[in-house]
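The values are calculated or read from the model by the stated rules, or taken from the named source; none is laboratory data. Quick caveat: nothing in here was measured; it's all calculated off a predicted structure. Methodologically, a virtual Cβ is constructed for each residue, glycine included, from the backbone with ideal geometry; neighbour enumeration extends over all protein chains shown.
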Amino acid sequence: MRKNNEVQEVVVITPRQEEIQGSGGHIRNSKDGIWWPVTKTLPRSTAVLLFPVVLIIAALAYTRTLDTHPLLFFSGSTKSALSTTLYDTRPFRVSIQKPIEIPLNCSAYNLTGTCPTNQSPIPENDQSRPSSATCPEYFRWIHEDLRPWARTGITQEMVERAKQTANFKLVILKGKAYLETYEKAYQTRDVFSIWGILQLLRRYPGKIPDLELMFDCVDWPVLLVDRYNGPNTEQPPPLFRYCGNDATLDIVFPDWSFWGWAEVNIKPWEILLGELKEGTKRIPWLNREPYAYWKGNPVVAETRLDLMKCNVSENQDWNARLYAQDWGRESQEGYKKSDLASQCTHRYKVYIEGSAWSVSEKYILACDSPTLLVKPHYYDFFTRGLIPGHHYWPIKEDDKCRSIKFAVDWGNSHKQRAHQIGKAASDFIQEEVKMDYVYDYMFHLLNSYAKLFRYKPSLSANATEICAESMVCGAEGPVKKFMMESLVKVPANTDPCSMPAPYDPPTLHAQLKRKESSIQQVDSWEKSYWENQTITS
């Protein structure tokens, strides 16, 4: 015998139903037209309170109800202090939509050799789905990178002048991408850079405006500030590349390795980032070797050859353990000794630039060990968000060995503070340089760039339409493997993060001053350290 305060049945509406109508204590399933009796229903006020519970139940039930009747009845004796009087017979609906997967049809492409007419379908009734996230602070540098064209805008003549050093020109029209290649880039830099932009189009279908861009895949920035500084000089051409410095105006864009570096077996960032996080857990920080570790190719830059002089020897120990990387041998041996997630074995990691900036920086910072960062000359899209003394420990470029020895001795004497620096860097990489934000940075950069256009982008006779199929269907080996692993399969379920406002001059000056002061503080500690060493010896 039921008590008056018990609910006999709770009705959950599953996604297979298009519409449910209520009348006279019954509900009708629009699929089969059958009216189902409901002897008691909850008042609307109680239904509102129970909605989150029912939503969870519906979500759990969804995967098990695809081949069963679209109505689920959960019977029980849930007690309520409220009356079971039939106030409203209309059950509330729980709508759960499965994301629409973007197709990848190699069979059709191999037959026709043409891209699908609807590469990245926009969901029906697509509405703005604001993100609750604010973009990381380093996104503000987008405004600074585009400032040279803020007053004049970008003309077709400016874009065409960037062709002098560009590897390719990419045009986006109505959500489709078109490529014009000028010169093949080193290895597969261009391939994976283009692939990354195609994934952006799949992630945010229909939301990237029409534009044309010139991309240079060479390391060194080339648009010198001094050349375009005079009152009668021409405007600089907008040129995209992977890094910049204070003396140049090149527009910084995420590098190819975020989608994989096939030649050295470095996986796509989304996969590798998870592996790096697990790698930091294998050896607790205090149990790691109490030295500074670096492994890489020293012959690409004089500064790296100079670093190798700091290696341990019979006569001197600078607290550094440095190893030359032979990529040829690694390739022959299956990359067994170059797994990045297995290199979090020392308390300190060294980052030093190569011929310009190095893609290794993000892997080193993610290791949960303080990064001893030799004074850099270049920046990529996220490194301007790093703060010395908080995210890394600055190392002198012209006195590397003594600077590294002091850093390690200081860290081993201040273990908690040293580990905090390492943790701040790895948290920054995991949380603010995750793949979601890489795509959002690309999105905001390209949208802001397109707003500067003073002409309507168009196609030249040499432009060819490209799509995921045109790149991956004919690919082989690790190139195809990394493309498939980094393929965007469904559109994002929210809009990109909210873009922060530009820096005002006082705020930008204060931030740069803070970084400079932090470096000067470390320099003063290091100077005192060596003065005391001289006195005691």
- [ ] Could you check how many residues of region 246-277 are of a type outside the set (Gly, Ala, Ser), outside any loop (DSSP other than H, G, I, E, B) and closer than 15 Å to Lys434 by Cβ?
- [x] 10
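Tell me yes or no: at least one residue of region 233-248 is hydrophobic (A, V, I, L, M, F, W, C) and within 21 Å of the chain's Cα centre (by Cα). Write out each step before concluding.
To start, the set of residues in region 233-248 that are hydrophobic (A, V, I, L, M, F, W, C) comprises 239-240, 243, 247.
Then keep just the ones that are within 21 Å of the chain's Cα centre (by Cα); that gives 240, 243.
Yes: one or more hits.
Here's the yes/no breakdown for (1) in a loop (DSSP other than H, G, I, E, B); (2) β-branched (Val, Ile, Thr); (3) farther than 30 Å from Ala341 by Cβ:
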| site | (1), (2), (3) |
| --- | --- |
| Lys423 | no, no, no |
| Asp427 | no, no, no |
| Asp436 | no, no, no |
| Asp440 | no, no, no |
| Ser448 | no, no, yes |
| Lys480 | no, no, no |
| Thr494 | yes, yes, no |
| Ala501 | yes, no, yes |
| Asn532 | no, no, yes |
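Those residues that are in a loop (DSSP other than H, G, I, E, B) and more than 10 Å from Ser369 (Cβ to Cβ), I need them from region 344-356; list them, please.
Within region 344-356, the first condition is being in a loop (DSSP other than H, G, I, E, B), and the residues that meet it are 344-345, 352-356.
Residues satisfying the conditions are Ile352, Glu353, Gly354, Ser355, Ala356.
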Open item on the list: For a quick check of your reading of the model, give me the residue pairs whose first member lies in region 417-445 and is among the basic types (Lys, Arg), whose second is part of a helix (DSSP H, G or I), with beta-carbon atoms closer than 9 Å and at least 6 apart or on different chains.
Closed with: Arg417/Trp410; Arg417/Gly411; Lys423/Trp285; Lys434/Trp269; Lys434/Glu270; Lys434/Leu273
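For region 327-341, state whether one or more residues are among the hydroxyl-bearing types (Ser, Thr, Tyr) and under 26 Å from Lys405 (Cβ atoms).
Among the residues of region 327-341, not one is among the hydroxyl-bearing types (Ser, Thr, Tyr) and under 26 Å from Lys405 (Cβ atoms), which makes the answer no.
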Task: Yes/no for Thr383 being modelled with pLDDT of 95 or more, touching an Asp or Glu at 6+ places or on another chain (Cβ under 7 Å) and either outside the structural domain of Pro284 (by TED's automatic domain parsing) or among the polar types (S, T, N, Q) (or both) - done: yes
Open item on the list: Just to verify a result, which residue in region 387-436, among those that are of a type in the set (Phe, Trp, Tyr) and over 30 Å from the mean Cα position of the chain (by Cα), is farthest from Glu302 (Cα to Cα)?
Closed with: Trp410
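Give the residues of region 220-243 that are surrounded by 13 or more Cβ atoms within 10 Å (Cβ to Cβ) and closer than 15 Å to Arg151 by Cα, sorted by residue number.
If we filter region 220-243 for residues that are surrounded by 13 or more Cβ atoms within 10 Å (Cβ to Cβ), which is where we start, we get 220-225, 227-228, 235-243.
Within region 220-243, Tyr228, Gln235, Pro236, Pro237, Pro238 qualify.
Please go through region 241-252 and give me each residue that is in contact (Cβ under 8 Å) with a residue 40 or more places away in the chain and touching a helix residue (DSSP H, G or I) at 6+ places or on another chain (Cβ under 7 Å), ordered by number. Working first, answer last.
Residues of region 241-252 that are in contact (Cβ under 8 Å) with a residue 40 or more places away in the chain, as a first pass: 242-245, 249, 251-252.
Matches in region 241-252: Leu249, Ile251, Val252.
Quick one: which of Glu476, Glu516, Glu526 is over 28 Å from the mean Cα position of the chain (by Cα), among the charged types (D, E, K, R) and more than 19 Å from Thr114 (Cα to Cα)?
Numbers: Glu476 fails: over 28 Å from the mean Cα position of the chain (by Cα); Glu516 fails: over 28 Å from the mean Cα position of the chain (by Cα).
Of the residues listed, the single one that is over 28 Å from the mean Cα position of the chain (by Cα), among the charged types (D, E, K, R) and more than 19 Å from Thr114 (Cα to Cα) is Glu526.
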Open item on the list: Going residue by residue through region 146-162, is there one that turns out to be assigned to a helix (DSSP H, G or I), in contact (Cβ under 8 Å) with a residue 12 or more places away in the chain and under 21 Å from Tyr441 (Cα atoms)?
Closed with: yes
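Please determine, by comparing only the residues of region 292-307 that are over 13 Å from Gln343 (Cα atoms) and touching a strand residue (DSSP E or B) at 6+ places or on another chain (Cβ under 9 Å), which one is surrounded by the most Cβ atoms within 10 Å (Cβ to Cβ). Even if it seems obvious, please write down each step before you answer.
So the first thing to find is which residues in region 292-307 are over 13 Å from Gln343 (Cα atoms), and the list is 297-307.
Imposing the further condition that a residue be touching a strand residue (DSSP E or B) at 6+ places or on another chain (Cβ under 9 Å) reduces the set to 297-299, 303-304, 307.
Numbers: Asn297: 15, Pro298: 20, Val299: 11, Thr303: 18, Arg304: 21, Leu307: 23.
That would be Leu307.
Scanning for something assigned by TED's automatic domain parsing to the domain that holds His346, in contact with a strand residue (DSSP E or B) (Cβ under 8 Å, 6 or more places away or on another chain) and under 26 Å from Ile395 (Cα atoms), does region 273-285 turn up at least one residue? Even if it seems obvious, please write down each step before you answer.
Initially, region 273-285 is screened for residues assigned by TED's automatic domain parsing to the domain that holds His346, giving 273-285.
Okay, now just the ones that are also in contact with a strand residue (DSSP E or B) (Cβ under 8 Å, 6 or more places away or on another chain), so 285.
With under 26 Å from Ile395 (Cα atoms) added as a condition, the list becomes 285.
Scanning region 273-285 turns up at least one residue that is assigned by TED's automatic domain parsing to the domain that holds His346, in contact with a strand residue (DSSP E or B) (Cβ under 8 Å, 6 or more places away or on another chain) and under 26 Å from Ile395 (Cα atoms).
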- [ ] Answer yes if at least one residue in region 465-488 is buried (at least 19 other Cβ atoms within 10 Å of the Cβ), more than 30 Å from Ser107 (Cα to Cα) and touching a residue at least 60 places away in the same chain (Cβ under 8 Å), and no otherwise.
- [x] no
Task: Filtered residues of region 228-245 (kept if at pLDDT 95 or above and assigned to a loop (DSSP other than H, G, I, E, B)) - done: Pro236, Pro237, Pro238, Leu239, Tyr242, Cys243, Asn245
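Does Trp141 satisfy being assigned to a loop (DSSP other than H, G, I, E, B) and among the aromatic types (Phe, Trp, Tyr)?
On the way: assigned to a loop (DSSP other than H, G, I, E, B): no; among the aromatic types (Phe, Trp, Tyr): yes.
Against the criterion (assigned to a loop (DSSP other than H, G, I, E, B) and among the aromatic types (Phe, Trp, Tyr)), Trp141 does not qualify.
Taking into account only those residues within region 425-457 that are among the aliphatic types (A, V, I, L, M) and surrounded by fewer than 19 Cβ atoms within 10 Å (Cβ to Cβ), which is nearest to Leu200 (Cα to Cα)? Lay out the reasoning, then the answer.
Going residue by residue through region 425-457, those that are among the aliphatic types (A, V, I, L, M) are 425, 429, 433, 435, 438, 442, 445-446, 450, 452.
So of that shortlist, the ones also surrounded by fewer than 19 Cβ atoms within 10 Å (Cβ to Cβ) come out as 450, 452.
Numbers: Ala450: 15, Leu452: 20 Å.
Among residues in region 425-457 that are among the aliphatic types (A, V, I, L, M) and surrounded by fewer than 19 Cβ atoms within 10 Å (Cβ to Cβ), the one nearest to Leu200 (Cα to Cα) is Ala450.
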Open item on the list: Restricting to region 163-184, and then to whatever is touching a Pro at 6+ places or on another chain (Cβ under 9 Å) and not in a loop (DSSP other than H, G, I, E, B), can you tell me which residue is surrounded by the fewest Cβ atoms within 10 Å (Cβ to Cβ)?
Closed with: Gln164
Task: Residue in region 200-215 that is without any contact (Cβ under 8 Å) to a residue 60 or more places away in the chain, touching a Ser or Thr at 6+ places or on another chain (Cβ under 9 Å) and crowded, with 21+ Cβ neighbours inside 10 Å present - done: yes
- [ ] Given the conditions (1) under 28 Å from Phe258 (Cα atoms); (2) touching a helix residue (DSSP H, G or I) at 6+ places or on another chain (Cβ under 8 Å); (3) modelled with pLDDT under 95, report the number of the one that Phe428 does not fulfil.
- [x] (3)
Open item on the list: I need the full set of residues from region 370-398 which are part of a loop (DSSP other than H, G, I, E, B), over 21 Å from Lys267 (Cβ atoms), of a type outside the set (A, V, I, L, M, F, W, C) and touching a residue at least 12 places away in the same chain (Cβ under 8 Å), in order please.
Closed with: Pro370, Lys375, Pro376, His377, Tyr378, Gly389, His390, His391, Lys396, Glu397
